[in-house]
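Okay, so here's the structure we're looking at.
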Amino acid sequence: MTEKSVLVTGACGEIGQALVQGLKARNGYRIVTADLAPLPDSIRSLSAEHVQGDLVNRIKQFYDYDFDIIYHLAASLSSKAEVATEEAHRINVEGTMQLLMLAAYKSEKYKKSVKFLFPSSIAAYGMPDIESKKKAGRVKEEDWDIPHTMYGCNKLYCEKLGIYHSQFYGQRHLDPNPPVMLDFRAIRFPGLISAFTLPSGGTSDYGPEMLHAAAQGKPYSCFVREDTKISFMAMPDAIKSLLMLTDAPREQLTQQVYNIAAFAITAGEFRDRAVKAFPGAKITFEPNPRRQGIVDSWPEDVDDSRARKDWGWKPDYDVDKFFEEYFLPEIRKRYGK
Ligand code: SER
């Protein structure tokens with residue numbers, strides 16, 4: 001069997017590292033990685049080639065490859081994007097636009113649909129106030145798509161750009177013989193938690209930061225209120241979802257953007273579980289108004305019934321399994337506690 005040629009951008013990020021490992025474990029892929037940073041030890045030997053630098057500047061270089069699948073993970077996350085909005089737009093939107101154009105061109109030229117997997121986010125939603133958030137409960141993909149953040153706007157717009165390039169690019173769909181177009185698929189991820197890496201620049205970061213701090217016996221001051229509730233997921237489930245959506249037959253997909261969910265808990269519940277696992281953990285709450293506002297605009301939970309129905313999505317880790325079978329055993333090994 002010939003290997004599939006895969007590009008993973010943002011490979012040094014949290015999802016990137018875990019995805020490269022996940023792809024490698026499956027065999028059958030030649031993985032080209034791209035990132036601003038050099039590859040970390042965790043994946044250095046797994047990448048066939050690494051392109052280091054700004055994607056937007058280096059886009060020409062990627063035309064030399066014929067990728068079957070592109071995982072475009074490079075992004076500036078929500079808190080960071082609020083303090084550098086123009087830079088975030090460049091990273092989040094221009095990088096995506098360039099890669100979509102590449103995938104569209106290659107699909108048309110070689111008459112083979114390039115798969116384009118895009119991580120969108122719960123940040124694509126925007127709830128006007130806490131009352132609406134509480135009332136809305138688990139939101140569906142088409143509801144409350146009024147993001148409050150630059151990052152959320154970027155993600156929502158890139159979903160639209162992906163759909164455009166895969167269906168209507170240049171209005172080619174109206175030609176007598178429409179060309180082959182790219183195959184765009186997106187997942188709106190909740191806050192992700194890895195036992196191996198820490199996020200940076202996001203707003204759901206209080207979850208993983210609190211747990212990693214408690215495991216190391218370091219005090220942690222949480223930047224949101226105790227009652228703040230959003231949806232979270234174990235990193236292995238995030239990787240599983242990306243691979244499942246990659247594999248799903250096109251004809252089974254009724255849409256191109258899917259919610260996925262695992263467990264929705266409050267910052268206070270994180271604290272309780274951290275203290276139970278690491279007695280003596282020092283966790284305080286000192287909300288930062290801007291970051292609090294961002295999380296307050298995100299839904300408490302999302303409705304992932306379409307992902308479940310169309311491609312058989314189901315998380316392996318609910319909240320108990322997440323702590324008992326993934327996070328705590330791994331983190332204890334890591335920090336020796
Ligand atoms: N985890 C991301 C963030 O906090 C949301 O997609 O920005």
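Brief remarks follow.
- Complete set of residues in segment 221-270 that are of a type in the set (Gly, Ala, Ser) and without any contact (Cβ under 8 Å) to a residue 12 or more places away in the chain: none
- Scoring residue 288 on the criteria (1) within 15 Å of the ligand (Cβ to nearest atom); (2) more than 21 Å from residue 200 (Cα to Cα); (3) not hydrophobic (A, V, I, L, M, F, W, C) leaves a single failure, condition (2).
- When segment 52-75 is filtered for residues that are more than 16 Å from the ligand (Cβ to nearest atom) and under 30 Å from residue 206 (Cα atoms), the ones remaining, listed by number, are 52, 53, 54, 55, 70.
- Of everything in segment 76-104 that is in contact (Cβ under 8 Å) with a residue 40 or more places away in the chain and open to solvent by 40 Å² or more (accessible area, probe 1.4 Å), the residue that is nearest to the ligand (Cβ to nearest atom) is 77.
- Condition check for residue 192: in a loop (DSSP other than H, G, I, E, B), within 16 Å of the ligand (Cβ to nearest atom) and either open to solvent by less than 10 Å² (accessible area, probe 1.4 Å) or not aromatic (Phe, Trp, Tyr) (or both): no
- Helices (runs of 4 or more DSSP H) completely within segment 224-337 that count 3 or more residues being among the basic types (Lys, Arg): 267-277, 305-311, 328-335
- Within segment 117-132, being within 15 Å of the ligand (Cβ to nearest atom) and in a loop (DSSP other than H, G, I, E, B) holds for 125, 126, 127.
- Within segment 49-72, residues that are touching a residue at least 60 places away in the same chain (Cβ under 8 Å) sit with their Cβ atoms under 7 Å from residues that are in a helix (DSSP H, G or I) and open to solvent by 60 Å² or more (accessible area, probe 1.4 Å), at 6+ positions apart or across chains, in these pairs: 66/110.
- Residue count for segment 322-337 under the criterion of being in contact (Cβ under 8 Å) with a residue 12 or more places away in the chain and either touching a Pro at 6+ places or on another chain (Cβ under 6 Å) or open to solvent by 70 Å² or more (accessible area, probe 1.4 Å) (or both): the result is 3.
Yes/no matrix, rows are residues, columns are (1) of a type in the set (Gly, Ala, Ser); (2) out of contact with any helix residue (DSSP H, G or I) (no Cβ under 7 Å at 6 or more places or on another chain); (3) at pLDDT 95 or above; (4) open to solvent by less than 60 Å² (accessible area, probe 1.4 Å):
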{"position": "6", "(1), (2), (3), (4)": "no, no, yes, yes"}
{"position": "11", "(1), (2), (3), (4)": "yes, no, yes, yes"}
{"position": "49", "(1), (2), (3), (4)": "no, yes, yes, no"}
{"position": "62", "(1), (2), (3), (4)": "no, no, yes, yes"}
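- Scan of segment 13-28 for residues that are modelled with pLDDT of 95 or more and on the phi > 0 side of the Ramachandran plot, ordered by number: 28
- Selection status of residue 159, outside any helix (DSSP H, G or I) and either of a type in the set (Ser, Thr, Tyr) or within 21 Å of residue 304 (Cβ to Cβ) (or both): no
- Checking 209, 251, 159 one by one, the residue that is open to solvent by 50 Å² or more (accessible area, probe 1.4 Å), of a type in the set (D, E, K, R) and within 14 Å of the ligand (Cβ to nearest atom) is 209 and no other.
- Cβ-Cβ under 8 Å pairs, at least 6 apart or on other chains, segment 277-289 side aliphatic (A, V, I, L, M), far side assigned to a loop (DSSP other than H, G, I, E, B): 281/217; 283/219
- For segment 133-148, filtered to residues that are in contact (Cβ under 8 Å) with a residue 12 or more places away in the chain and in a helix (DSSP H, G or I), the residue that is farthest from residue 294 (Cα to Cα) is 136.
- A Cβ distance below 6 Å, combined with a sequence gap of six or more or placement on separate chains, defines the contacts here; from segment 171-192, residues that are free of Cβ contacts under 8 Å to residues at least 12 places away in the same chain reach no residue that is within 16 Å of the ligand (Cβ to nearest atom) and open to solvent by 60 Å² or more (accessible area, probe 1.4 Å).
The values are calculated or read from the model by the stated rules, or taken from the named source; none is laboratory data. No experiment lies behind these values; they were computed from the predicted model shown. Methodologically, a virtual Cβ is constructed for each residue, glycine included, from the backbone with ideal geometry; neighbour enumeration extends over all protein chains shown. Just so you know, the surface numbers come from the protein's heavy atoms only, side chains and all, with ligands and any DNA or RNA stripped out. Shrake-Rupley method; radii C 1.70, N 1.55, O 1.52, S 1.80 Å.
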